[in-house]
Structure formats: structure tokens, C-alpha cells
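Written out below as C-alpha cells is the structure these notes cover.
The values are calculated or read from the model by the stated rules, or taken from the named source; none is laboratory data. Note that the structure is a prediction, hence the values are computed from the model and not measured. Using ideal geometry, Cβ is built from the backbone for each residue, glycine included, and neighbour counts are taken over all protein chains shown.
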Number of protein chains: 2
Amino acid sequence: MAIAKSKTATMSDVARLAGVSMKTVSRVFNNEKYVAKDKKDKVLAVATELNYHPSLQARGLAGSKTYIVGFFVDVPSGDYISKVLRGLLSRAEEAGCHLVVEVLKDRGDEVKLKQVLSSIRFDGVVLSPPICDDVVVLNALRAIGVPAARIAPGIPAKDMSEVHIDDYQAAFDMTEFLIGKGHRRIGFIKGNPNHSCSLDRERGYVRAMQSHGIEVRNELVVPGMFSFASGKEAAEILLSRTEKPTAIFACNDEMAAGVLAVAREKGLAVPADLSIVGFDDDAIATIVSPALTTMRQPVEAMAAAAFDLMMQSADDESTAGTRVEHAYVLCDRESVADLTQ
Amino acid sequence: MAIAKSKTATMSDVARLAGVSMKTVSRVFNNEKYVAKDKKDKVLAVATELNYHPSLQARGLAGSKTYIVGFFVDVPSGDYISKVLRGLLSRAEEAGCHLVVEVLKDRGDEVKLKQVLSSIRFDGVVLSPPICDDVVVLNALRAIGVPAARIAPGIPAKDMSEVHIDDYQAAFDMTEFLIGKGHRRIGFIKGNPNHSCSLDRERGYVRAMQSHGIEVRNELVVPGMFSFASGKEAAEILLSRTEKPTAIFACNDEMAAGVLAVAREKGLAVPADLSIVGFDDDAIATIVSPALTTMRQPVEAMAAAAFDLMMQSADDESTAGTRVEHAYVLCDRESVADLTQ
DNA sequence: CTGAAAGCGCTTACAG
DNA sequence: CTGAAAGCGCTTACAG
């Protein structure tokens, strides 16, 4: 079943058949101006016939653009990363770039980092939490001068563009929403502390409580790690308090789903006996029942924007450091009871 | 804040400082034998000092290996694809390769396919459903002679390695499991018909029913598309039958979760009033309550195996076409009632 | 508007 | 065990 392996056409093939120099073919494929229309048409015709496409490897070696964008992730799982990936992939396609995914364990994967960064020349790199806050990574990127954009970063980096939502305000709003429904004993489940949004959301919760004159009680604020299991553990703790919370605000939807599971185990009706809210509006939010009231952030659009910002700063260094804030939306569904009625 | 951009070291830098030829440096980095130990040590020492790593782009252009592996996906979402990605990424790292993800819409993205395949030289490509059954893709891969491995393919391709589970037998076993629990009216929700496993699973269901002398009734077999929403729609149909099923076998867990949601809406207790089983053992299976009885397939390990098979067939063409079957495990949890008691 | 020459950083094929 | 030369398929920098 040996099929003849067709040799792929090269730029010099196209040049020869089109009767022009390689440089002219190059001009056509890089959309440079000052190419006579007839030559351009001829080049395009020959290229189509030969199914010619410039070699990524050759371009990357010879020129300043590599058409390769890196996406550095910690754990390539979960609905959040899927959305980021989709956003990135869609923009990469439009930009004629290719996405290479590299897994970098949070803190301390310096060997791999150096290896990747010095063997692959990237047009740019997009960073998601928690890697976007790893100074080792940021400095390595600066050292080689690769444009980078960050999604939801925590620490500042004035030389890198970023996209984010106002996690503090969003959590403030969500807490206020619960307070508005008459809740006072509101439990809070933190997120992974290495993701800066966790701290911002906690701050928003605390401030909202305070600004409504409600005491923030330590026994109602418990740790979590963004996972379903950690949400369950946190719920076990919160629901074992002598004075149970009437509502629990989990830092993301997966944990909120965990709270829901525990509530059910304990025979608590949601939202009648316990209100639950999450954050992110992940797929899980509308899969569980009752559907979760949650804060939606437009992750896919944010990732797409991060890609664009990175490309923009590659073209024009002065735009590096642009910060784009996206809007969040409180999705009020079925998991919160109105205690004021 | 302009930081001096360090120029990355090249092979000739290393050669010069180590007092050897470039070819010797090349030998060291490609683990060829016949390099004097003292020269090898010297090269390695200099390379470490310079933080030298061979350029991906240069290697890809000059040599036969590119250290780039492609992962072609239809929709880069969901727990299944996350698992595949993790399996691929972990093996790519060990193999010193880099993964580029390309989105190819099912059937008909021929322009992008040709563009990608003729501009990037891949060491190999891994295909997941439904793209692994797109003959246009398969033939394009053959035409340029790129080693490919397929995950859970449907149509045969003797020249490509593949990993799979016995979907037919797994579905047969699952159906038999339900029958063993005393169920006779068992509804079946099909999967996306473009994923070959859907057909295999349906066949397993049908045969198991028949082999136990149970009539397969058309009104109990309804279409689905692997999504939560399609599971709900299917459940609505199945549960509106005059003779309701006592159990529903959904072709994946997301749809099973949809069935669960509808059951709850209708006030049916699961499993007391309705038993539900899924397939895959996705994260969702243990998030919903009651936890789903489902058929686990080791997706991450399968993806890793696919990667290895692809690499192996790149080294030794005669291994292309290897088929590896993985074991499945019936995870009996809480969503099935025993009617025989 | 166009092209000839050099070079990107490696590997290949050869020679020793 | 080692190296000199050519070449991979493009872009760059330059000249016209």
C-alpha cells in the first residue's frame, strides 16, 4: 500500500514556473505592496496549482516572524482552559498562526521553561493563571524579548498586555446580591491561592459584608482549591458550624457544585434551606440542579483579546502593557432563596 | 524598561567555545554514539553555560525530524478532549516534542487541511473522533507520508496505528448489567453518529437485548449528540412514552446527566423510579447526584499510547497499523436500581 | 516595481 | 571517532 509521497512544492518551484524571482513570490505571500498585478496573479495561479504554502520551519528560521504562538498552561484541564484554548485557537487561525501548547508546572519548571524558550522562537506567548504570575516565567520572557499577554494576572507587569475582569467588584456585587436577598450569614469558599482572582474575590466578599455592616466571621471563610472535591470539603466544614450559613458563595462553579452535592447528602433543600452561588458560569452551572446562580466571565472572548493584544504588541512595542477589562454578568438562576419575602 | 535582549547561543557558538566542529555538537545533542567522552563533556558544559538548546526551526528545516507533532481536533472542548490533550502533552514532553493543535471542522475544512499540512512538516499527527474517520484527512496524510495514529477510529485504515476500546462489547456488557438487575424496558440514547463509537455502542445494546430474548423497541431508541442538552431532549421523549423505560442507557455521561436533570424535573427518583447509566466516566459522572454508573475508558492512557504508536511508526514504518485495545471498567455507582430484589 | 546574494541554524552525505 | 561542505526553504538587506 505504498503510496508515492508527493514532494511539496517550494518557493523556487513557484518562482520558476511563474517566471519571476523568489523574492517576488515572497512578496506576494507576505502581502507586500509594489507587485505588478499580472505577476501577482501569475504567482497565485501557479501556487494554487502546485498547492504551494510557505514552509513554517523555513520562515521561522529565516525571518523575524515565526507564525508560532505559545500557550503556557499549568494544568490543561477544566472548562476554563477549554474556553481559553478555543479563544486562542480561533484567533490563531485568523492570524495564520499556529498554537503550541506547553505545560509548565506552577513554579519551578525552570529547566523546561528555558529549554522551550531557547529552542522555539515564538511570535508571542499567552499566559493563563497561575503561570501568568510566575516572575521566573515573566523574566525569562523579557530576557528574550518575546511579546506576552496575560489572562487574569495578579501581579503587575507594565511591559505586558493583559485582559481581566474586575474580580473584586464582581465578588462584591455577588455578595451584595446575596445580602439584598436577605442573607447575613454568608459562607465563603476561597479559590486556589496561587490564582490571584481568588484573593480579589475574597476581598470583594469581605468589603461587601463590611459595607453593609455585617461582621465577617472567620469560621465562615474556608479554603478551597477550585475543585469539586475541595468544594465538598469546604461545605462539610461550613455546614457543621453551630450557626450554619444561609448562603454559601463558592469562588467557582465546580466548588459550588460540590457544595450542592453535600447539601443534598445532608438533606438540605437548595435554595430553601441553603442558597449557593458560584463564579465563572462554567458548563457545570447549568448541568446541576437547581441551576447555579453565578457570575459569568467571558473567558473565550478574553482569551481571544489576549491573543490580539499580544500580536499588537509584537507589531508595535508601545502598545505592550495595554490592559483590557471585560464585563461580567450576574446570572441569576435557581440556587438562591429570597429571604426578604 | 528596555531590557537588553540576550541573543540566544547557536550551535557554532558552542562548537567554537568547546573547540570542536559543529558536527560534533550536533552528535552530542542527537545522542549519536562515537563521540569521545571528553569532547562530549566539554560540549555539554559549554552548552549548559550558554543555555544552548538546538533551534526547533533550524532542525525542522535541515533535518528529517521536526520535533513537532500535530493534534487535529474538531471541537477542542469537553472532558474527553482535555484528557486526550493531557495524555498527548505528557508524552510529547518526554519525547522532546512540541504539540501544535489544529482545529479542523468535521468534513469540509479541506482548505485549512491542505494549508496546514503543506506548510508545517510534522513528525506525526494524532487524530481523534470524528476527524479520525474523515477520509479526506486520512488521504491527505498518506499523500505526504506523515505517520498518523488514531484514537477510537471507526473506519479501517491498515496503514495507521490506532488505540480503542471494544465499544461494542462494553455497551453489550453495560446492557447486560442492566438486564441482570431486572430491567427489560431499557431506553437507549445514541451518540453523535459521526463518532463511530456511537454505532458500536448501539449495536452492543441491541445485541445484548436480543441475546436475552428482549425485544428492541424502536420507540426506546432515540438520537442524541453527546451534549447535555441533547440528553435532556432524548429523556423528554423517552419519558413521555406510554410505557416508560425503567432504565436509560445514555451513550455518554453528559447525556446521562441530562437524563438525570429531566428525571428530577418530572419528579422521578433516581434510581428508585428510573435507573440511568452513562459511558466514559467523565468528571460529570461523580459530580451529579446520584453518582452515575458508567463505563470507564482510559482516555488519557489511550492518547498517550496513540502518541507512542505514532512515534514508533515514524521510526519503523512496518509497525504502522498496530492496533492496541484498552480495557474498560464498569463503574457501578448509585444510579441503577436492582429490580430483582 | 524587481531581483541577486547572503544568511538564518541546523542536518545530511561524504570523506577520512 | 571527527570534520568540511553543501543545502534545507525561506527572508533580509541591498541594489537597481
Inset, instruction - Scan segment B:32-47 and give yes if some residue there is among the small types (Gly, Ala, Ser), more than 13 Å from DNA strand D (Cβ to nearest atom) and within 14 Å of chain A (Cβ to nearest Cβ), otherwise no. - result: yes
Inset, instruction - Scan segment A:35-64 and report the pairs whose first residue is under 13 Å from A:Met22 (Cβ atoms) and within 8 Å of DNA strand C (Cβ to nearest atom) and whose second residue is part of a helix (DSSP H, G or I) and of a type in the set (Gly, Ala, Ser), with Cβ atoms within less than 8 Å and a gap of 6+ or a chain change. - result: A:Lys39/A:Ala18
Inset, instruction - Only residues in segment A:5-25 that are more than 14 Å from chain B (Cβ to nearest Cβ) count as the first member; pair them with residues that are more than 12 Å from DNA strand C (Cβ to nearest atom), Cβ under 6 angstrom, at least 6 apart or cross-chain, and list the lot. - result: A:Leu17/A:Val46; A:Ala18/A:Val46
Legend entry - Number of positions in segment B:35-80 that are in contact with a Lys or Arg (Cβ under 7 Å, 6 or more places away or on another chain) and farther than 20 Å from A:Gln115 by Cβ: 4
Legend entry - Conditions (1) within 14 Å of chain A (Cβ to nearest Cβ); (2) among the aliphatic types (A, V, I, L, M); (3) under 15 Å from the mean Cα position of the chain (by Cα); number of the one not met by B:Val163: (1)
Inset, instruction - Give, as residue ranges, the helices (runs of 4 or more DSSP H) completely inside segment A:54-131 that count at least 2 residues that are in the same structural domain as A:Pro156 (by TED's automatic domain parsing) and hydroxyl-bearing (Ser, Thr, Tyr). - result: A:78-94, A:110-119
Legend entry - Counted residues, segment A:228-252 - those being out of contact with any helix residue (DSSP H, G or I) (no Cβ under 6 Å at 6 or more places or on another chain) and of a type in the set (Lys, Arg): 1
Inset, instruction - Give the number of residues within segment B:81-118 that are touching a Pro at 6+ places or on another chain (Cβ under 6 Å) and more than 9 Å from chain A (Cβ to nearest Cβ). - result: 1
Inset, instruction - From (1) modelled with pLDDT under 95; (2) in contact with a Phe, Trp or Tyr (Cβ under 9 Å, 6 or more places away or on another chain); (3) within 16 Å of DNA strand D (Cβ to nearest atom), pick out the condition that doesn't hold for B:Gly78. - result: (3)
Legend entry - Some residue of segment A:14-21 being under 20 Å from B:Ser119 (Cα atoms), in a helix (DSSP H, G or I) and in contact with a Phe, Trp or Tyr (Cβ under 6 Å, 6 or more places away or on another chain): yes
Inset, instruction - Among the candidates B:Thr24, B:Thr66, single out the residue that is under 21 Å from B:Ala303 (Cβ atoms) and within 16 Å of DNA strand D (Cβ to nearest atom). - result: B:Thr66
Inset, instruction - Answer yes if at least one residue in segment A:61-80 is surrounded by fewer than 17 Cβ atoms within 10 Å (Cβ to Cβ), on the phi > 0 side of the Ramachandran plot and within 12 Å of another protein chain (Cβ to nearest Cβ), and no otherwise. - result: no
Legend entry - Matching residues, segment B:303-335, being in contact with a helix residue (DSSP H, G or I) (Cβ under 7 Å, 6 or more places away or on another chain) and closer than 30 Å to B:Leu178 by Cα: B:Ala303, B:Val324, B:His326, B:Tyr328, B:Leu330
Inset, instruction - Determine, yes or no, whether B:Asp159 is more than 16 Å from DNA strand C (Cβ to nearest atom) and either of a type in the set (Asp, Glu) or modelled with pLDDT of 95 or more (or both). - result: yes
Legend entry - Where A:Leu104 falls short, out of the listed (1) away from DNA strand D (no atom under 15 Å from the Cβ); (2) closer than 16 Å to B:Val100 by Cβ; (3) touching a strand residue (DSSP E or B) at 6+ places or on another chain (Cβ under 8 Å): (2)
Inset, instruction - For residues that are surrounded by fewer than 24 Cβ atoms within 10 Å (Cβ to Cβ) and closer than 20 Å to A:Asp166 by Cβ, tally how many sit in segment A:309-323. - result: 3
Inset, instruction - Return a yes/no flag: does segment B:99-116 have any residue that is more than 29 Å from B:Asp281 (Cα to Cα) and in contact with a His (Cβ under 6 Å, 6 or more places away or on another chain). - result: yes
Inset, instruction - Check B:Arg121, B:Arg150 and return the single one that is among the basic types (Lys, Arg) and within 14 Å of another protein chain (Cβ to nearest Cβ). - result: B:Arg121
